[in-house]
1. If you line up the long axis of helix 3-17 against the longest principal axis of the chain, both from Cα atoms, how many degrees apart are they, to the nearest 10?
2. Between THR51 and VAL120, what is 0.36 nm times their sequence separation minus the Cα-Cα distance? Round to one decimal in nm.
3. Heavy atoms only, probe 1.4 Å: what % of the accessible area of the stretch 22-102 goes to carbon and sulfur, would you let me know?
4. Which whole-percent values make up P(r) of the chain when all C-alpha to C-alpha distances are grouped in 5 Å steps starting at zero?
5. Helix-only estimate, please: 222 nm mean residue ellipticity of the chain, summing -39500 (n - 2.57) across DSSP H runs of length 4 or more and dividing by its residues, to the nearest 500.
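The values are calculated or read from the model by the stated rules, or taken from the named source; none is laboratory data. Quick caveat, the model's predicted, so the values are computed rather than measured. The accessibility values were calculated without ligands, DNA or RNA, using every heavy atom of the protein model including side chains. Shrake-Rupley method; radii C 1.70, N 1.55, O 1.52, S 1.80 Å.
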Amino acid sequence: MSYSKLLSVGAVVLALGGCMSFPAGPAGPAGPAGPQGATGATGYTGAKGSTGYTGATGNTGDTGATGNTGNTGATGGTGATGDTGATGYTGATGSTGATGSTGAKGNTGAKGTTVGDTVVIVPAR
């Protein structure tokens with residue numbers, strides 16, 4: 001095994017060892033009666049008791065409420081609409097010029113005379 005694995009296993013063993021509790025060892029036997037004035041041997045010291053559990057951590061207090069947001073200001077009114085300008089007048093219509101005179105009718109020429117018994121046929125129009 002590599003050193004890092006051995007170190008990891010050792011750390012786990014130490015961590016779990018703190019969670020175990022061991023019973024108290026038996027009291028040591030009384031020493032034999034010694035000669036006059038001699039004191040018997042001292043018994044073995046009992047095993048040390050485990051450390052008590054650490055108390056649980058208290059809950060975190062509630063967060064305070066968020067303050068209300070301020071109201072939005074009122075919207076300004078719309079400005080008044082300006083007046084429409086007056087409409088201009090239409091100019092006067094000009095007079096029609098006078099009609100010119102018709103020229104004089106020309107005279108018809110004189111009618112010729114017929115000579116002899118010649119018949120002239122003129123087709124109708």
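1. Approximately 70 degrees, to the nearest 10.
2. Working it through step by step, the gained length comes to 8.0 nm.
3. 52 percent
4. Bins of 5 Å from zero give 2, 5, 3, 4, 5, 4, 4, 4, 3, 3, 3, 3, 2, 2, 2, 2, 2, 2, 2, 2, 2, 2, 2, 2, 2, 2, 2, 2, 2, 2, 2, 2, 2, 2, 2, 1, 1, 1, 1, 1, 1, 1, 0, 0, 0 percent of pairs.
5. -4000 deg cm²/dmol
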